[in-house]
Amino acid sequence: MPVKPFYVMKVLERAREIEKKGRKVIHFEIGEPDLPVPEKVKEAARKVIGNIELRYTESAGIYPLREKIAEYYGKTYGVSVKPQQVIITPGSSPGLLALLKVVSELIGTISYPDPGYPCYKNMLSFLNLPGERIPVSPEESFKLRPESVKTEALIVNSPSNPTGTVYRKEELRRLSEKAFLISDEVYHGLTYRGRAASALEVTDNAAVAGSFSKFFLMTGWRLGFLIVPEELVPHITAILQNTVISASTASQHAALACFEEDVLEELAANVEIFRKRRDFMLKGLKEIGFKVPVEPEGAFYIYADVSGFTEDSFEFSFRLLEETGVAVTPGRDFGYNGTDRFVRFSYCTSLKNIEEGLERLCKLLR
Ligand SMILES: Cc1ncc(COP(=O)(O)O)c(C=O)c1O
């Protein structure tokens, strides 16, 4: 089965055409942070490029970065991770792909939430793996319930894209009793009610996918990581050797600076910026008549019910773009379960743009 492109790409394409004609588009569809990467990390990158020849690295990544990530998980979550369990990948995406392949071969069938991050379904279909969709509902805060898990492995994404749902430690524990957890923790660090729990706090029978793209703001540096039980490491690195070879050498060396105390503090301070944007956007959307059944506790998205305005959120997304110049992601990108009633707003843009976007929506919809 061919892999499907995201529907939001059609929105983005149309937004670019509108922009070419000179109209300002407010981008609420984009899922990448707009804040600048800390200067120390950029400086480290400049030094690396100037001072060393950039060769391939080992497929699992440079050892000092594996050590830093193991240490960071140890400090943040109070868990014991060996550097040998950490695999550096070019963004979390190829790591997830390799992980899904290996888990399905060694552990069994994988379930994933619907609505959820679209790549889970698409990666499984690309790998020709069955995969099982588990509907999650607003009544249950879009959380997976242990009773619904019937497969050997399960993808949990907390904080979640698109709903911003954050699982409590106890909820992760109960899920871990049902299946091997593939825990997508790429939005960790971006939470608004205390830190998110890692799957590794409740079980060793889990694999974590992490990223430098969200909290660390480094989308284009293409850097992520996996933390997996040691016995999975050779299987995963074999796939990486044959596909991506290694993550960017420059990015890996520069990322060592991410773990310096002052850099981590600077990044943690960004959470307040995102919190202000979330609060402002939530209030504004509700005033206009959008329903937000579950208040997002993490990531940078608001998953809003548009059934007060339309029965087809896909068509509605294009109408908003044409009539107001506001771009949003249609729910359809995130699965089949009630997704035609929802759109996703991202607040990866300035408060000023959020205000302008909300005003435009208000004029059309109220
Ligand atoms: C839930 C989730 N997982 C994984 C990724 C992949 O990110 P990256 O490959 O940049 O680490 C994304 C990107 O938006 C995401 O939303």
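Restricting attention to the stretch 93-136, which residues are part of a strand (DSSP E or B) and touching a residue at least 24 places away in the same chain (Cβ under 8 Å)? It would help to see each step written out before you state the result.
Of the residues in the stretch 93-136, the ones part of a strand (DSSP E or B) are 110-114, 132-135.
Selection gives I110, S111, Y112, P113, D114, R133, P135.
If you take the residues of the stretch 178-206 that are of a type in the set (F, W, Y) and part of a loop (DSSP other than H, G, I, E, B), which of them is nearest to the ligand (Cβ to nearest atom)?
So in the stretch 178-206, the residues of a type in the set (F, W, Y) come out as 180, 187, 192.
Applying the additional criterion that residues be part of a loop (DSSP other than H, G, I, E, B) yields 187, 192.
Values: Y187: 7, Y192: 17 Å.
Ranking the candidates gives Y187 first.
Taking the stretch 65-92 as the search range and keeping residues that are assigned to a loop (DSSP other than H, G, I, E, B) and buried (at least 17 other Cβ atoms within 10 Å of the Cβ), which one is farthest from the ligand (Cβ to nearest atom)? Please lay out each step first, then the result.
Step one: of the stretch 65-92, the residues assigned to a loop (DSSP other than H, G, I, E, B) are 78-82, 90-91.
Keeping just the survivors that are buried (at least 17 other Cβ atoms within 10 Å of the Cβ) gives 79, 81, 90-91.
Working: V79: 21, V81: 19, P90: 8, G91: 3 Å.
It comes out as V79.
Test of understanding: among K10, K24, which residue is among the basic types (K, R), farther than 30 Å from L264 by Cα, at pLDDT below 95 and away from the ligand (no atom under 16 Å from the Cβ)? Walk me through how you get there before you give the answer.
Details: K24 fails: at pLDDT below 95.
Within the list K10, K24, the selection yields K10.
Given the options L226, L144, L175, L217, name the one that is farther than 16 Å from Y77 by Cα, touching a residue at least 24 places away in the same chain (Cβ under 8 Å), in the same structural domain as K82 (by TED's automatic domain parsing) and not in a loop (DSSP other than H, G, I, E, B). Let's see the steps before the verdict.
Working: L226 fails: farther than 16 Å from Y77 by Cα; L144 fails: not in a loop (DSSP other than H, G, I, E, B); L217 fails: not in a loop (DSSP other than H, G, I, E, B).
Among L226, L144, L175, L217, only L175 is farther than 16 Å from Y77 by Cα, touching a residue at least 24 places away in the same chain (Cβ under 8 Å), in the same structural domain as K82 (by TED's automatic domain parsing) and not in a loop (DSSP other than H, G, I, E, B).
When the residues of the stretch 153-190 are filtered to those that are touching a Phe, Trp or Tyr at 6+ places or on another chain (Cβ under 6 Å) and more than 23 Å from T339 (Cα to Cα), which remaining residue is surrounded by the most Cβ atoms within 10 Å (Cβ to Cβ)?
Top of the filtered list is A153.
For G335, work out the one condition from (1) crowded, with 19+ Cβ neighbours inside 10 Å; (2) over 18 Å from P5 (Cβ atoms) it doesn't fulfil.
Evaluating G335 over (1) crowded, with 19+ Cβ neighbours inside 10 Å; (2) over 18 Å from P5 (Cβ atoms) leaves (2) as the failure.
Given the criterion more than 11 Å from the ligand (Cβ to nearest atom), over 19 Å from K82 (Cα atoms) and over 21 Å from the mean Cα position of the chain (by Cα), identify the matching residue among T243, T237.
Result of the check over T243, T237: T243.
So, K42, is that one at pLDDT below 95, in a helix (DSSP H, G or I), surrounded by fewer than 17 Cβ atoms within 10 Å (Cβ to Cβ) and out of contact with any strand residue (DSSP E or B) (no Cβ under 8 Å at 6 or more places or on another chain) or not?
Working: at pLDDT below 95: no; in a helix (DSSP H, G or I): yes; surrounded by fewer than 17 Cβ atoms within 10 Å (Cβ to Cβ): yes; out of contact with any strand residue (DSSP E or B) (no Cβ under 8 Å at 6 or more places or on another chain): yes.
Answer is no for this residue.
Among the listed residues R332, R344, identify the single one that is in contact (Cβ under 8 Å) with a residue 40 or more places away in the chain, assigned by TED's automatic domain parsing to the domain that holds V25 and either part of a helix (DSSP H, G or I) or among the β-branched types (V, I, T) (or both). Step through it out loud before you land on a result.
On the way: R344 fails: either part of a helix (DSSP H, G or I) or among the β-branched types (V, I, T) (or both).
Going through R332, R344 in turn, the sole match is R332.
Between a first residue in the stretch 15-43 that is without any contact (Cβ under 8 Å) to a residue 24 or more places away in the chain and a second residue that is more than 16 Å from the ligand (Cβ to nearest atom), which pairs have beta carbons less than 7 Å apart while being 6 or more apart in sequence or on different chains?
E19/V25
Among the residues in the stretch 241-257, are any without any contact (Cβ under 8 Å) to a residue 12 or more places away in the chain and touching an Asp or Glu at 6+ places or on another chain (Cβ under 9 Å)?
The answer is no; no qualifying residue exists.
Of the residues in the stretch 200-224, how many are over 26 Å from K178 (Cβ atoms) and of a type in the set (S, T, N, Q)?
Final tally of qualifying residues: 2.
Which of the following residues is among the charged types (D, E, K, R), touching a residue at least 24 places away in the same chain (Cβ under 8 Å), touching a Leu at 6+ places or on another chain (Cβ under 8 Å) and not in a loop (DSSP other than H, G, I, E, B): E323, E355? Full working, then the answer.
Working: E355 fails: touching a Leu at 6+ places or on another chain (Cβ under 8 Å).
Within the list E323, E355, the selection yields E323.
Name every residue in the stretch 118-152 that is within 14 Å of the ligand (Cβ to nearest atom) and surrounded by fewer than 19 Cβ atoms within 10 Å (Cβ to Cβ), in order of residue number.
Passing the criteria: only N122.
Taking the conditions exactly as written (more than 22 Å from the chain's Cα centre (by Cα), more than 16 Å from the ligand (Cβ to nearest atom), among the aliphatic types (A, V, I, L, M) and modelled with pLDDT of 95 or more), does A268 satisfy them or not? Steps first, answer last, please.
On the way: more than 22 Å from the chain's Cα centre (by Cα): no; more than 16 Å from the ligand (Cβ to nearest atom): yes; among the aliphatic types (A, V, I, L, M): yes; modelled with pLDDT of 95 or more: yes.
For A268, the condition - more than 22 Å from the chain's Cα centre (by Cα), more than 16 Å from the ligand (Cβ to nearest atom), among the aliphatic types (A, V, I, L, M) and modelled with pLDDT of 95 or more - is not met.
Considering only the stretch 291-311, I want to know if a residue exists there that is at pLDDT 95 or above, assigned to a helix (DSSP H, G or I) and crowded, with 22+ Cβ neighbours inside 10 Å.
Checked the stretch 291-311: no residue is at pLDDT 95 or above, assigned to a helix (DSSP H, G or I) and crowded, with 22+ Cβ neighbours inside 10 Å.
The values are calculated or read from the model by the stated rules, or taken from the named source; none is laboratory data. These figures come from a predicted structure and were not determined experimentally. Neighbour counts run over all protein chains shown; Cβ positions are idealised from the backbone, glycine included.
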